[in-house]
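Reading through the C-alpha cells given below for one structure.
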Amino acid sequence: MKRLRTLLGIGLGLVIVAGAGWYISQTGTAPAPRQAAGRFGAGAPTPVGIAAATKGEVPVVIRALGTVAPLHTVNVKTQITGQLLKVDFKEGQMVKQGDLLALVDPRPYDVALQQAVGQQQRDEALLKNAQTDLERYRKLVAQESIARQQLDTQQSLVRQYEAALVIDQAMVDAAKLNVAYTKIVAPLTGRIGLRTVDPGNFVSMSDATSICIIIQIQPISVLFTIPEDMLPSVRERLKAGAKLEVRVLDRAQKNELAIGKLDTHDNLIDMTTGTVKLRAVFDNKDDTLFPNQFVNVRLLVDTVKDATVVPVAAIQRGQPGTFVYLVKADDTVEIRVVELGATDGDRVQIVKGLQPGDQVVIDGTDRLRDGAKIRRPGGPPRAASGPPIANAPESQQGAGPQQQQRRRQANGGGGAGGAAAAQPNQ
C-alpha cells in the first residue's frame, strides 16, 4: 500500500512537470504581438494645417467702442414771458435755421414798442426846440443883450435832450427785439424732438422745461476712447496733416454704417481708466447714424507696406516667448521665436524671425513639440519607422487599401496568396 502511494506521487509529479514544460515551449515559440502605433501614438506623424508667410500691406487699425453724439444740441426756450399761442412744427421733422417753431402772444410787446416810439418822438421835439433857443441865445450874447450864463444853461439843456434821445432809441430797439422774440425760430438746422409744451400754456425764460430740443445730425460725430499708449501714434499722424479714416460698424460688427474722418482728441487723459477720448465726424447724409447709438469703431492709423504676414493662428506663446512652428523640408517642425508687428483681423505682421515663403503650422499645434514629425494636409498617413502591422486589431490600423489587403491575408483570406503572407507568423 505504501509502495502504491509512492508510485502515484511520482507519476503525478511527472505529469505536472511535463505539462509545465509543454506550456513553456508553446509560449516561447509563439510570436509576441507587436503593438500597433495609434493615430497619434508615439512615433506617428501628426496631421497639421500649414500656411505660408506672404508679403503684403497690413493696416494699423485701432478698434474701440463708440457712441454716436450730435455736434450741437439746443434746448429751445422762450426769451420773453407770455402765452404760447401756437406751435408750427411736427415732432421729429427736419427744420432749417430760421424756421418758425412757435409764437408767443405779441400784443403786450407791440404796445410797449409804441410807447417807446412815442417817448422818442417827444424827446426829439424837445431837442429841436432847445437847439433853436440855443442859436437865438448865441446871437444875443454876441450883441451883449443877455448874460453869458443863460447861453451856457441852454447848451446843457440841449445835451440833456440829446442823451434822452439815445436812451429812447435803446428803448425802441429793446421793444422791437421783444416783438421779434415772440416768434420762436430754429437756431440751427437739425432734427426736432418731441414737443414738451402745448399751446395755451404760459411760458417764461425761467421755465425748467424747454419747448423742444433740436439736434444737429448732418454732420454728426462719434465719441470713442483709446488706451493712452496708442495716443502718441495718433497725434503723430495728426501733426503730419494726415486725415485718419474712421469706419463704424453696428453692434454685431456685421454691417458697416459709415466712413468718416478723425476730428480731434480730448486735452487730457482719464486717470481712472487710462484712456483718452477721441471724436470722429461723419456726413451722415443717408441718416444712418442715430444719436446715442452704440457702434464699433475702426480707426486706421497707418498702413505697413511690404510686411511679412502670417495668420494669427500660427502665433504661439510659451516659455520661449512668442513663437511659431516652422515646417522644415524633412516634414519636421522647428520652434522659431518671432517678433510681432501690426495686426489686422486674422493676419499679423512678423517683424523678425520669418521670411516670405516660410511655412508655419496653423492647426494642430497643441500636439507638436520641437523636432516633431508632421503630416501635411492631404498627405497619406505614414509610420515614423518599421514595417506595416498585419496582426494588429483593425481599430488600430490605417484605412489604406494596402493595409486592408494585409489584414485579409493575415486572416487567411485570398487563397494561396493569403497563406503565403501569413507564413512568416507561423
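The values are calculated or read from the model by the stated rules, or taken from the named source; none is laboratory data. Note that this is a predicted model, so its numbers are computed, not measured. FYI the Cβ positions are ideal-geometry reconstructions off the backbone, even for glycines, and counts take in every protein chain you see.
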Reported set for segment 271-303 where residues are touching a helix residue (DSSP H, G or I) at 6+ places or on another chain (Cβ under 7 Å) and either touching a residue at least 60 places away in the same chain (Cβ under 8 Å) or not assigned by TED's automatic domain parsing to the domain that holds residue 238 (or both) is 301, 302
Residue match in segment 172-182 (condition: among the β-branched types (Val, Ile, Thr) and loosely packed, with under 13 Cβ neighbours inside 10 Å):
no
Of the residues in segment 303-336 that are among the acidic types (Asp, Glu) and assigned to a loop (DSSP other than H, G, I, E, B), the one that is surrounded by the most Cβ atoms within 10 Å (Cβ to Cβ) is 331
| said: Looking at segment 125-134, can you tell me whether even one residue there is closer than 12 Å to residue 168 by Cβ, at pLDDT 90 or above, surrounded by 13 or more Cβ atoms within 10 Å (Cβ to Cβ) and not polar (S, T, N, Q)? | reply: yes
Of the candidates 111, 95, 117, 141, the one satisfying the condition of being within 45 Å of the chain's Cα centre (by Cα) and either assigned by TED's automatic domain parsing to the domain that holds residue 197 or without any contact (Cβ under 8 Å) to a residue 60 or more places away in the chain (or both) is 95
Residues in segment 219-270 that are charged (D, E, K, R), in contact (Cβ under 8 Å) with a residue 40 or more places away in the chain and either outside any strand (DSSP E or B) or over 27 Å from residue 286 (Cβ atoms) (or both) total 5
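Do we have any residue at all in segment 341-356 that's over 25 Å from the mean Cα position of the chain (by Cα), at pLDDT below 95, among the hydrophobic types (A, V, I, L, M, F, W, C) and surrounded by fewer than 12 Cβ atoms within 10 Å (Cβ to Cβ)?
No; the residues of segment 341-356 include none that is over 25 Å from the mean Cα position of the chain (by Cα), at pLDDT below 95, among the hydrophobic types (A, V, I, L, M, F, W, C) and surrounded by fewer than 12 Cβ atoms within 10 Å (Cβ to Cβ).
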Within segment 144-195, residues assigned to a helix (DSSP H, G or I), of a type outside the set (Ser, Thr, Tyr) and touching a residue at least 40 places away in the same chain (Cβ under 8 Å) come out as 164, 165, 168, 169, 171, 172, 174, 175, 176, 178, 179
